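Trainee: My questions all concern the structure below.
Bear in mind these aren't lab numbers, they're just calculated from the coordinates by the rules spelled out. Quick caveat, the model's predicted, so the values are computed rather than measured. So basically every Cβ, Gly included, is an ideal-geometry build from the backbone, and we count neighbours across all protein chains shown.
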Amino acid sequence: MCSDTPKQEPRSRCTLCPAGCELRIGGPGAGGYQSEPPMVGGAGLCPRGLAIGELLDAPGRIRWATRRLDGRRQEIGLAEAARAIIAAAGDRDLVFFIDGALPCEQLLAADAWCRAWPRAKLCVVLEPAERELLLGTEASGAAYLSDADLAGCDGFLIVGDAFAANPACSRGVFDRRAADARVAIIVIDPGGGSAAKFATCRVAAPPGAELAAIAELARAAGVDCPPIAPPDGMDVRSARSAGLALAGCKRLAIILAAEYGRGGAWRQIGYLAGRLAGALGGGVACQTTGANALAAVRLGPRLAAISLADALARQGAAWVTVGSDLLGMLGIRGREILAAGAAFASRSTEAAEFVMPAALAMEVGGTHILGGERQVCLDAVLPPPAGVLEPADVIGSIARAGGVEAPGPTTAVGTLSRLAAAAPSIPAGCAAAAAAASPVLMLGRQAADAGCGELTAHASWQSAVGSPPSVRLAAADARRIGVKDLDMVEVRTGELSVRARVRIDHALDAGAVVLPEALCEARAMCPLQVSPATEAVVASPGTVNIEAANDYASQTA
Amino acid sequence: MITQARQPEIDKRVVIDVDRCVECQSCAAACFAGHARMPAVSFARAGWALLPLICRQCKAPACVDTCPAEAMVRDEAGIVRRRLFRCVGCGSCAQACPFGVISDSLAGTPGTIKSPGELSGHQISKCDLCADRLAADARAVPRCVAACPSGALRFVDEHQAEADGLLIIGGRSAADHLYKRR
């Protein structure tokens, strides 16, 4: 399956973020498989990677096809499930939402099936903000930096909580700081994540104002950049002083994490960041969910796939998710879907009439882009359990039941070269989240979980420490509400509410509330806008009410 | 063989560089996975920081002296550890530890640790420096250190630390950049 171009990687690697940390699988013992860092020479393994071993053989794994009958799940055979899916679809078109974090070979194979089937459309699902960010960095022409490259840089601009998105990238920053204590570490993160605590200069920008902050910073650093009117609440002076601190850099690293629900200017942010890094001799490091987001974006023009915005607009079509938890990721509620191919229960499998077992990304192996632009071919960590289909085969089995005899022609992955993307238009102004009386909800990435938690939330350590979830509050907001550290609160907007334990965060500005990005209920609280014309899917910060919930029932829940 | 006689203590320590910890909790997750879901790493909040608490391997361990079941011992490798089938889960060691690194509620995971019907429900977990890894490979380091992505946790010889440019503070904290920017 693997072309000659990518280098074969002999070691097992985690593919839940671009760091691609080495891991080894132990067991199976009494507690099943487990992953752990290598004995010698490893560069760390965060809780996401440590969860992989357990998930390969977890008790909650979906191993059989099921259909919903009178509200209960009934096991059926795979072939029967595929036939029943076709029968239930009737004369509707089918849209297959496949997880963009899968190896390239899986995406190409899925595309081949959909090309041969006129009523089927393929949609490669990536985190919307991350896709936009990568399109921007591709258009900027900036080099991509690996974690190892960071130690050789002489200035850092961090956008979002990059240290939570990929804890391994912090090592290079700290190594550089150990060699040069005066190195500038500039952080733009309205969510006040873990990276903000290590900033030499923190740019005070309200949610949604990251683009204006980067533009102001770039101009102060002497880089040609169109002016963007800053929104109310942005501290322009801190952006300018940060720009001056970076002006003398010979190799600037910009580390980007595009968290969900932070607004819609990520393509422009990626573009401006890439231009700024390029002008100062450096590059960008995009810390995405899943190792293969950049590969999926680069593969895009070779696939006959429709955009996520286009796919979501096809309300009359029958939706089939494969690998991705579409409904959980976008916080969509009340939408029935026809079928879901998944390894674990998720919002999508709950809403699906049919569920088919699908292998995990690390069980199929294939071509990835890891650590900057290093194209590698990874072996499967372990083969999938017996009877569990590879993701592309889930689509293939349904296509065969629909009368497709064979997939269309498939091509080798080849070299995944930079996308010829057009430069995005830069707006004249930047609309930040309104400073209302209600706190503004943002979602923050956590090192414990990947994506919307459809995978890692099933691991035992994540289950233990993630329940109840934590909500980060500024000290002033906590005083106003009348709660203290570890108290329970209810975060509410409209009909939606989340009970969470308070963590007072001194790095957070008053008026901001941060819930974990891996919490589907929290994602549903961020207003989602879909625009097929611009292919934009934008989740914005929402406003919420917070009430103390220190009653006996909530403490014992 | 393990005896209650005074053994020489191990020279190596797990130390934390407080200016590198990004609070990812990889150390706790690695300990949890590697020790049958009985993690010996807990956390304490200190101002802005959430720092892992890991056994200091004391020269005169109070946990060994106080254990009524002789479950806590210093083994032949010099590691202070708990003997699995002697521990009765009384919590004396947790009470005696002057540094609070032996916890009877264990890092906010009491539901897992105290699950009824499991042996682990009656035991206290204690860091053994991942003796299985150290025995398997002389170059190996404990799981928490190997899992630390930022390089905050290090497994250092206390006699060599200064030569390596590390400042050891209070026996368990190290810094190559101590609070310069805070």
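Trainee: What helices does chain A hold that run 20 Å or longer along their axis, going by alpha-carbon atoms, with a Kyte-Doolittle average of -0.5 or more, using DSSP H for the helix calls?
Mentor: Counting only whole DSSP H runs, no helix qualifies.
Trainee: Which three lengths, in whole Å and largest first, does region A:103-205 cover when its Cα atoms are put on their principal axes?
Mentor: Reported extents, whole Å, longest axis first: 60, 28, 24.
Trainee: Could you state the number of Å between the C-alpha centres of region B:122-154 and region A:194-262?
Mentor: Taking the Cα centre of region B:122-154 as reference, the centre of region A:194-262 is 39 Å away.
Trainee: So for A:Thr137, B:Thr66, fewest C-beta neighbours within 10 Å to most, what's the order?
Mentor: B:Thr66, A:Thr137
Trainee: Going by a ≥ b ≥ c, the root eigenvalues of the Cα gyration tensor, does region A:1-153 fall in the rounded group (a/c under 1.5), the prolate group (a/b larger than b/c) or the oblate group?
Mentor: It is oblate, given that a/c is not under 1.5 and a/b is not larger than b/c.
Trainee: In deg cm²/dmol and to the nearest 500, what is the mean residue ellipticity at 222 nm of chain A if only DSSP H runs of at least 4 residues count, each as -39500 (n - 2.57), divided by the residue total?
Mentor: It lands at -8000 deg cm²/dmol.
Trainee: Ranked highest first by average number of other Cβ atoms within 10 Å, how do A:62-75, A:273-286 line up?
Mentor: Top to bottom by mean Cβ count within 10 Å: A:273-286, A:62-75.
Trainee: Across bins of 10 angstrom width beginning at 0, how are the C-alpha pair distances of region A:440-556 distributed, in whole percent?
Mentor: For region A:440-556, the binned pair fractions read 13, 43, 34, 9, 2, 0 percent.
Trainee: Calculate the mean, over all residues of peptide B:134-146, of how many other protein chain Cβ atoms lie within 10 angstrom of the residue's Cβ.
Mentor: Per residue, the number of nearby Cβ atoms from other chains is 3 on average.
Trainee: Would you please report the Å³ per residue occupied by the convex hull of the alpha carbon atoms in region B:20-59?
Mentor: 87
Trainee: If each residue's Cβ is checked for other Cβ atoms within 10 Å, how do A:Met329, A:Met234, B:Met72 rank with the fewest at the top?
Mentor: So the ranking, lowest neighbour count to highest, is A:Met234, B:Met72, A:Met329.
Trainee: Something else: Treat each spin label as a single point 7 Å out from the Cα along the C-beta direction, and report the A:Ala510 to A:Ala88 distance in nm.
Mentor: 5.2
Trainee: While we're looking at this one, here's another question. Tally the DSSP beta bridges in region A:284-377 and give the antiparallel ones as a percent, rounded to 5.
Mentor: Of all bridge pairs located within region A:284-377, approximately 35 percent are antiparallel.
Trainee: Could you sort the peptides A:474-480, B:138-144 by per-residue average Cβ neighbour count (10 Å cutoff), highest mean leading?
Mentor: Most protected by this proxy first, the peptides run B:138-144, A:474-480.
Trainee: Another question, then. log₁₀ I(q)/I(0) of region A:135-260 at q = 0.09, 0.22 Å⁻¹, via Debye over equal Cα point scatterers, no solvent, to two decimals?
Mentor: -0.22, -1.46
Trainee: Can you tell me which aspartates and glutamates have their Cα less than 15 Å from the Cα of A:Lys484? Leave out same-chain residues fewer than eight positions away.
Mentor: Once the sequence-local aspartates and glutamates are set aside, what remains near A:Lys484 is A:Asp505, A:Glu547, A:Asp551.
Trainee: So, one more: Going by how many other beta carbons lie within 10 Å of each one, how would you line up B:Phe43, A:Phe354, fewest first?
Mentor: Listed from fewest to most nearby Cβ atoms, that is B:Phe43, A:Phe354.
Trainee: Please give the peptides A:419-427, A:238-246 ranked by average Cβ packing (other Cβ atoms within 10 Å per residue), highest first, as a rough proxy for protection.
Mentor: Descending packing order for the listed peptides: A:238-246, A:419-427.
Trainee: Report the Cα centroid-to-centroid distance between region A:334-399 and region A:122-176 in angstrom, as an integer.
Mentor: Region A:334-399 and region A:122-176 have Cα centres separated by 25 Å.
Trainee: Determine the relative contact order of chain A: mean sequence separation of Cα pairs under 8 Å and six or more apart, normalised by residue count, in whole percent.
Mentor: 22
Trainee: Could you calculate the contour length gain from A:Gln8 to A:Lys250, that is, 0.36 nm times the residue separation minus the distance between their Cα atoms, to one decimal place in nm?
Mentor: Stretched out fully, the A:Gln8 to A:Lys250 stretch lengthens by 83.8 nm.
Trainee: Under unit Cβ charges (Lys, Arg +1; Asp, Glu -1), what dipole magnitude, rounded to 20 debye, does region A:206-282 have relative to its Cα centre?
Mentor: Roughly 280 debye for region A:206-282.
Trainee: Provide Rg over Rh for the protein assembly as shown; use the alpha carbon set for both Rg and the Kirkwood Rh (inverse mean inverse pair distance).
Mentor: When Rh is taken as the Kirkwood radius, the ratio is 0.96.
Trainee: Just tell me how shielded A:456-463 is by partners: mean number of partner chain Cβ atoms within 10 Å of each residue's Cβ, no decimals.
Mentor: Mean inter-chain Cβ contacts per residue within 10 Å come to 3.
Trainee: Let me check I have the definition right: for region B:1-103, take the eigenvalues of the Cα gyration tensor, multiply each by 5, take square roots. What are those semi-axes in whole Å, largest first?
Mentor: Over the Cα atoms of region B:1-103, the ellipsoid semi-axes are 25, 15, 14 Å.
Trainee: Roughly how many Å is it from the Cα centre of region B:1-80 to that of region A:430-504, as a whole number?
Mentor: The two parts, judged by their Cα centres, are 31 Å apart.
Trainee: At 0.890 mPa s and 25 °C, plugging the Kirkwood radius over alpha-carbon pairs of region A:236-294 into Stokes-Einstein gives what diffusion coefficient in µm²/s?
Mentor: 193
Trainee: Full extension from A:Asp485 to A:Arg374: what is 0.36 nm times the residue separation minus their Cα-Cα distance, to one decimal in nm?
Mentor: Between A:Asp485 and A:Arg374, full extension yields 35.6 nm more.
Trainee: Follow-up. What is the spread of the Cα atoms of region A:351-410 along each of their three principal axes, largest first, in whole Å?
Mentor: For region A:351-410, the Cα spread along each principal axis is 40, 28, 24 Å.
Trainee: Peptide A:83-94: average number of partner chain Cβ atoms within 10 Å per residue?
Mentor: The per-residue average across the peptide is 0.
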